[in-house]
Amino acid sequence: MIHLEGISKSYRIAKRQTGLRQAAKALFYRDYTTINALKDISFSINQGEIVGYIGPNGAGKSTTIKIMSGILVPDTGTCTILGYTPWKDRTEYVKNIGVVFGQRSQLWWDVPVMDSFELLKDIYKVPQQEYKPTIDLLIETLDLQTIVHSPVRQLSLGQRMRCEIAASLIHNPKILFLDEPTIGLDAVSKIAVRQFIKTINKEKGVTVILTTHDMNDIEALADRVILIGKGSLLYDGNLEELRKHFGTSKIITADYAKNTVPFQIFGTATLSWTPERVVLSIDTEKVKTSEVITQLSNKVELLDVTIESQPIEDIIVQLYKEYQI
Amino acid sequence: MSLYFKYLLIHFKSQMQYRTSFWLLSIGQFFIPFSIFAGLYFLFERFGQIKGWQFFEVALCFAIIHMAFSLSECFARGFDMFSGLVVKGEFDRFLVRPRSTFVQVLGSKFEFTRVGRLLQSLIVLVWALSNLSIEWSAIKAITLVLMIVSGVFIFTGIYMLAAAMCFWTVQGLEVASIFTDGGREMAQYPLNIYQKWVARFFTYVIPFGTVNYLPLQYILGKANGNELIHMLTPVLGSLFIFPCFLVWQFGVRHYRSTGS
Amino acid sequence: MKMYLAVLRLRLNMGMQYRAAALAGVATQFFWGFIIIMVFEAFYEHAAMTPPISIKELIQYIWLQQAFLVFVMMWFRDNELFDLITSGNIAYELCRPSGLYGFWYAKLLAQRLSSALLRCFPILIVAFLLPKPYKLEPPPSIWAFLLFLSSLLLGLLLLVAISMFLYISVFITLSPMGSLLVFGVLSEFFAGLVIPVPLMPVWLQKIAYVLPFRWTADFPFRVYSGHIPESEAVFGIFIQLAFLTVLVLLGRAALNGVLKKVVVQGG
């Protein structure tokens, strides 16, 4: 359904000079530097997937989103989405997609949210009989009943983001691009937004592509991640796979009856130790988790044990290091 | 077109949230050109005429260009304020919507406070007309309306050119005010009072001459030569917007290939 | 004094960063100058009586006006100060070690001066190189020039003193729009920006002579062209000084007055 093949994009940026002489020179002649924002990116996404598109700042995430949403024309490569080439059939194509830019609003600041929705209905030429059930459903699932009649400027950030997402779904798009949908939100709002993204994905079969810096978003939503760095595709696969590859370590926290003698267990590294508690990091390639627990129970009188996988943030940092981004 | 009115409506609703500020600004818009008009009046008091044009003839000129200017500032403000949209990246939003960028930019901003300026120039218009002995006919009335319309098109065209320039650089945009504010100031007087090259430039390149000078001669019965041509010049002047539209389209294409 | 110079240097540097904008501004003002001159030329061509100022003097007047536009325009404003006043963050300013009047005065002065320094030279140079009759002529004598320079500088100081009242009035109205409008329209008109003061009807000239606005621009420009003779110019400079003293003292008192109120309101 979404198919990118060999997409490349480079920018020319004029070098800025300081100083009077340089400035005078710049009037006639300019130095340019070329930046390869994207280098030969290829991937396919099927209908109904939720894909997390991640990478450090300046990696080329938003360039890719811009190309996929028809804003930018790439230098080379082909991109077919729903049978359209986004930048060629722009007006036809964009009827099928919804885009949320997390940091910018598409709602009109001084009028009630409902008025913005009505105007978007007209912009997308949604017939009234289709609009009514859609908007009712959106208001219900996003819990907007109490806020749609107040002006946007009076809403909290979380309320506004829910309205933004609703606004991008008024025309029943088949694909939803979310550019940092949870940026700046508090924990409760984040959970509400994630929940809703899941719901529309399940119930309406909307394909979701989201970029984010919050790995919890990815963990909660995406079965598949695409990692990009310095314009190149680094990893494309499911999250578990990524964990297995890079997240071979686990963290064990053990509480036990008082024991004043420090101890070592094979295949682990001690992260912290007190007479009542130890935190160990296990390399699961060297030793099994169950083995470590057995050894622990031999050495001390265990009261409580918790096992955590390595947080995904760490994996990403590790990945970035590995690829030297 | 219906979408444009929907935009108009929503902006009107927003504006009405700030009523006091709206009235204050409107009053301001009334008084700024008022002082300019007062200056014009005093000059005529001293000199009596300008190259054979009488006060009320020039007042008519003044009224028409100021009406066209205030209307275009009200309804085509989106293009005038476009640099802000590009800098903030808001323009991307327009590209992911299934409508022409033209309508969306036009609908992105309205400046209703220009009603003050419009009212001021309307008063001048009525005053000037009631003091001029013009043999009115239906065609002359139509010509008068066409003059204002043509002015709106030309101002809008200039805004579009400046907006298209934003795709390359947002610096130095002030130059555009030579043609908007400067054009307005200049076209307050009949074009033939200026040097030949100025008059030519503002007839054939940026056709402000077709807004008032040429058709005004016809209305005042001063036209020598073909009256029909004088009457139709506002229509020709309106065509100015087409090349501007093409430049705009070109700018959008450039933006989409560079994403600057 | 050091601090004020630092503000000025910072402003100049910032101005240089936006040289394309400055260039565009110069071009715009040039165009304006030409249009205005041509309008007056047309008026003068069939003038029934000899106008009270010759076209040559008028052309000097207009070029100087364009070159030193920021010395006249009330619209050239500091929105930062407005925000400070209307938002109530004025309390922070009160913590500064220097007097508020002096500090704001210096800030506003630096802004206008830096902006004028960036723009006036290109305009003046090109205007000098223009063919006759549009050329900007040198002043009739070295004395006229020196008198022009001192009256221009005093005019700038005077303008800043006037503009201080604009900011002070915002303390009371709490919205800059109204004050800007009144100050902007009045000062522009009576400083001779819309039509030169000598071309106004006599009754209006009388009003203009009583108000301080014409001393900021109209007076120095006419000293330059020699339209105001040297002996009269010396006398005028004393009037400028008198206005300046009175306005600064009044402004200082007014600012202290409104600040007291703010402090009382703030509790």
What helix-only [θ] at 222 nm does chain C give? Using -39500 (n - 2.57) per DSSP H run of at least 4, over all residues, to the nearest 500, the answer is -25500 deg cm²/dmol
Region A:47-243: Kirkwood hydrodynamic radius (Cα pairs, Å) comes out at 17.4
Straight-line reach check, A:LYS244, cutoff 16 Å on alpha carbons, 8 or more apart in-chain or any other chain, hits among aspartates and glutamates -> A:GLU219, A:ASP223, A:ASP236, A:ASP283, A:GLU285, A:GLU308, A:GLU313, A:ASP314, A:GLU322
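How do A:HIS213, B:HIS66, A:HIS171, C:HIS46 rank when sorted from fewest to most other Cβ atoms within 10 Å of their own Cβ?
Values: A:HIS213 16, B:HIS66 25, A:HIS171 22, C:HIS46 12.
By the 10 Å Cβ count, ascending, the order reads C:HIS46, A:HIS213, A:HIS171, B:HIS66.
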So for R0 = 56 Å, FRET eff. of C:ASP83-A:LYS258 from the Cβ-Cβ r, to 0.05, ends up at 0.35
For region C:2-266, using Cα atoms only, the Rg and Dmax in Å read 19.4, 63
From fewest to most C-beta neighbours within 10 Å, the residues C:MET73, B:MET67, C:MET49 line up as C:MET49, C:MET73, B:MET67
Taking a straight Cα-to-Cα line shorter than 19 Å from A:LYS39, and setting aside same-chain lysines fewer than 8 residues away, one finds A:LYS9, A:LYS61, A:LYS66, A:LYS230
Per GNM of chain C with C-alpha springs under 10 angstrom, the most fluctuating residue out of C:ALA24, C:ALA127, C:ALA116 is C:ALA24
Between B:ASN226 and B:PHE250, Cβ-based FRET efficiency (R0 51 Å, step 0.05) works out to 0.90
Inter-chain shielding metric for C:30-41, i.e. average beta-carbon neighbours from other chains within 10 angstrom, reads 5
If one compares the long axis through the Cα atoms of helix C:142-173 with the longest principal axis of the Cα atoms of chain C, the angle in degrees, nearest 10, works out at 40
Among C:LEU157, C:LEU211, C:LEU244, the residue with the largest mean-square fluctuation in a Gaussian network model of chain C built from Cα contacts under 10 Å is C:LEU211
Between the modelled labels at C:LEU12 and C:VAL234 (7 Å from Cα along Cα→Cβ) the distance in nm is 3.3
Here, A:ILE191 and A:HIS149, labelled 7 Å along Cα→Cβ, have an inter-label distance in nm of 3.0
Residue by residue through region A:198-206, the couplings from Karplus 6.51 cos²θ - 1.76 cosθ + 1.60 with θ = phi - 60°, in Hz, x for Gly and Pro, are 4, 4, 5, 5, 5, 7, 9, x, 6
Summing -39500 (n - 2.57) over every DSSP H run of at least 4 residues in chain B and dividing by its residue count gives a helix-only mean residue ellipticity at 222 nm, to the nearest 500 deg cm²/dmol, of -22000 deg cm²/dmol
Inter-part gap, Cα centre of region C:34-88 to Cα centre of region A:212-276, in whole angstrom, is 71
Rounded to one decimal in nm, the spacing of the 7 Å Cα→Cβ label points at C:THR50 and C:LYS261 is 5.3
Karplus-derived 3J(HN,Hα) from phi for region B:189-206 (6.51 cos²θ - 1.76 cosθ + 1.60, θ = phi - 60°), whole Hz, x at Gly and Pro, runs 9, x, 4, 6, 6, 8, 4, 3, 5, 5, 4, 5, 4, 8, 10, 9, 9, 10
Here the net charge surrounding B:SER108, from other residues whose Cβ is less than 10 Å away from its Cβ (Lys, Arg +1; Asp, Glu -1), is +2
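Quick one: order A:ILE307, A:ILE200, A:ILE183 by neighbouring beta-carbon count within 10 Å, fewest to most.
Details: A:ILE307 13, A:ILE200 20, A:ILE183 16.
By the 10 Å Cβ count, ascending: A:ILE307, A:ILE183, A:ILE200.
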Taking a ≥ b ≥ c as the square roots of the Cα gyration tensor eigenvalues, with a/c under 1.5 meaning rounded and otherwise prolate when a/b beats b/c or oblate if not, region A:248-309 comes out prolate
With B:TYR194 itself left out, Lys, Arg at +1 and Asp, Glu at -1 over residues whose Cβ is under 15 Å from its Cβ give +1
Between C:VAL246 and C:PHE121, Cβ-based FRET efficiency (R0 45 Å, step 0.05) works out to 0.85
The lysines whose Cα lies under 23 Å from the Cα of C:LYS132, excluding any fewer than 8 residues away in the same chain, are B:LYS51, B:LYS196, C:LYS56
Computed D for the protein assembly as shown, Stokes-Einstein, Kirkwood radius over alpha-carbon pairs, 37 °C, 0.692 mPa s, to the nearest µm² per second, is 103
Residue by residue through region A:90-107, the couplings from Karplus 6.51 cos²θ - 1.76 cosθ + 1.60 with θ = phi - 60°, in Hz, x for Gly and Pro, are 3, 5, 5, 5, 5, 4, 9, 10, x, 10, 10, 8, x, 9, 10, 9, 10, 8
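Every read-out reported here was derived from the displayed coordinates using simple, explicitly stated rules and does not represent laboratory data. Every value quoted in this text rests on a predicted model; they were computed, and no experiment measured them. Positions of Cβ are generated from backbone atoms using ideal geometry, with glycine treated the same way; all protein chains shown enter the neighbour counts.
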